[in-house]
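These notes concern the structure reproduced below.
The values are calculated or read from the model by the stated rules, or taken from the named source; none is laboratory data. In this text, all values refer to a predicted model and were calculated from it rather than measured experimentally. Cβ atoms come from the backbone with ideal geometry, glycine included; neighbour counts cover every protein chain shown. Ligands, DNA and RNA are stripped out before the accessible areas are found, and what is left, the full protein with its side chains, is counted by its heavy atoms. Shrake-Rupley method; radii C 1.70, N 1.55, O 1.52, S 1.80 Å.
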Amino acid sequence: MDSFVNALQRFGIGRLAAILGVAAGVAAALFALVLNVGTEPKSLLYSSLDPKEAGSITQALDQAGIKYEAKGDGSTILVGRDKVASTRIMLSSKGLPTSGSVGYEIFDTASPMGQTDFIQNLNRQRALEGELARTIKSLQGVSSARVHLVLPRRQLFESEGEEPSASIVIGITGHQPSAGQVNALRNLVAGAVPNLKTDRVTVIDERGKLLAGVGDGGAGAGADAARNETEERLRKTIKDLVEGVVGAGKARVQVTADLDLNRVTTQEEKYDPDGQVVRSTQTNGENGKQMQPAGANGVSTTANIPGGQNGGAGGDPGNQSENSRNEETTNYEISKSTTTTVKEPGQIKRLSVAVGAGGGQNRRI
């Protein structure tokens, strides 16, 4: 006994504890492996489920006696690899999953008999909202979507009815959507609803940040979209250049651009006085003769004596006058050049770039 104790002391307590720890770990791994040998491997059934919808699916699985495993916050459900297809078919027969919305399938189960006009219009609006939410959710980068439509009815003898409007709430995965993507989303909804204008669609994210508001479809929205697009394009370009030096994922770039969004049209006309060209010449001539009897205006004694000589009867034939007039008009064409210059909006007036790389040192340009 003493020899055994002495041998252990010579071997070392630390070495003995390390050997026992390794042995315990190997035994645990073997035990877990033995337990998992008879367990069927799990595969993904659905992911990113709404909590309410996940509860409905798990309840249906419990009723069907299908074993499942929920992961994360309960939005991901796993079942046996060989039961994925049959489970999905079973859930589809019960109308699951619905993606958290009701689509046009509402008309498959509801009987039109006995329904009022109000119920039919309400079901139509619910179906349209659900289908739009499903389409938006299918877009890349969108995890969830809710659509609310306001479709006012035109009253009798009403000349101008109230315009429809829409509100969209989207859940975003990854980076914030650009202004072009938000405008595309608004056009998608406006194109699916009759008489709905794009500037009547409001878009917010799940954090309550306003992405597009009512009335943002004018020049202000276009200016913001142009500025955001320019900033995003420059940010990506600069980030690619910096990451090529410091490594992928090690650069942070922020760009702020001040753009000249005025569209200026300038028209200039220039005249060259040295470039005269004769366009037309017009000449007018006039000649005339006028006879005036002699003494027609004079009074003499001879003319007043009876039997005297009459100046108009064979005397001096009088005075004769001639006049002529020539007029010439020349029209000249002066060369003229017209230049129209259009300055399109989008010119960068001022650009601020902040770059952070590696250890977090920022440099502003």
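Determine, from the Cβ-Cβ distance of Glu69 and Glu206 and an R0 of 22 Å, the FRET efficiency 1/(1 + (r/R0)^6), rounded to the nearest 0.05.
With R0 = 22 Å, the Cβ-Cβ based efficiency is 0.25.
Provide Met291, Met90, Met113 ordered by accessible surface of protein heavy atoms (probe 1.4 Å), highest first.
So, going from the largest accessible area down, we get Met113, Met291, Met90.
May I ask you to derive the FRET efficiency for Leu188 and Asp50 from their Cβ-Cβ distance with R0 = 30 Å, giving the value to the nearest 0.05?
0.90
When all protein chains stay in place, what accessible area (Å², nearest 10, 1.4 Å probe) is found for Ile89?
The accessible area comes out at roughly 120 Å².
Karplus couplings for the stretch 233-242 from phi (6.51 cos²θ - 1.76 cosθ + 1.60, θ = phi - 60°), rounded to Hz, Gly and Pro as x?
5, 5, 4, 5, 5, 5, 5, 4, 5, 5
Tell me the net charge near Leu45. Cut-off is 10 Å between Cβ atoms, Leu45 excluded, with +1 for each Lys or Arg and -1 for each Asp or Glu.
Charge balance near Leu45 sits at +2.
Tell me, what is the per residue accessible area of the stretch 112-194 in Å², probe radius 1.4 Å?
For the stretch 112-194, the per-residue accessible area is 62 Å².
How large a share of the accessible area of the stretch 240-282, in percent, is made up of carbon and sulfur atoms when the probe is 1.4 Å and the other protein chains stay in place?
45 percent
Ordering Leu30, Leu128, Leu351, Leu211 by how much accessible area each has at a 1.4 Å probe, largest first, what is the list?
Leu30, Leu351, Leu211, Leu128
Enumerate the calculated ³J(HN,Hα) couplings along the stretch 65-80 in order (Karplus 6.51 cos²θ - 1.76 cosθ + 1.60, θ = phi - 60°), each rounded to whole Hz, writing x wherever the residue is Gly or Pro.
x, 9, 6, 9, 9, 9, 10, x, 8, x, 7, 10, 10, 10, 9, x
What figure in square angstrom, to the nearest 10, would you give for the accessible area of His175 with a 1.4 Å probe?
In the full protein context, His175 sits at about 140 Å².
Check which residues have an amide H placed less than 5 Å from Leu45's amide H, if you skip close sequence neighbours.
Counting only residues 5 or more places away or on other chains, the set is Ile77, Leu78, Val79.
With every protein chain present, what accessible area does Leu261 have (1.4 Å probe, heavy atoms only), rounded to the nearest 10 Å²?
Using a 1.4 Å probe on the heavy atoms, I get roughly 60 Å².
Do any of Lys197/Lys236; Lys137/Lys349; Lys137/Lys209; Lys52/Lys83 go past 28 Å between their Cα atoms, and which?
Lys197/Lys236; Lys137/Lys349
Between Thr256 and Val214, take the C-beta separation as r, use R0 = 25 Å, and let me know the FRET efficiency to the nearest 0.05.
Rounded to the nearest 0.05, the efficiency is 0.40.
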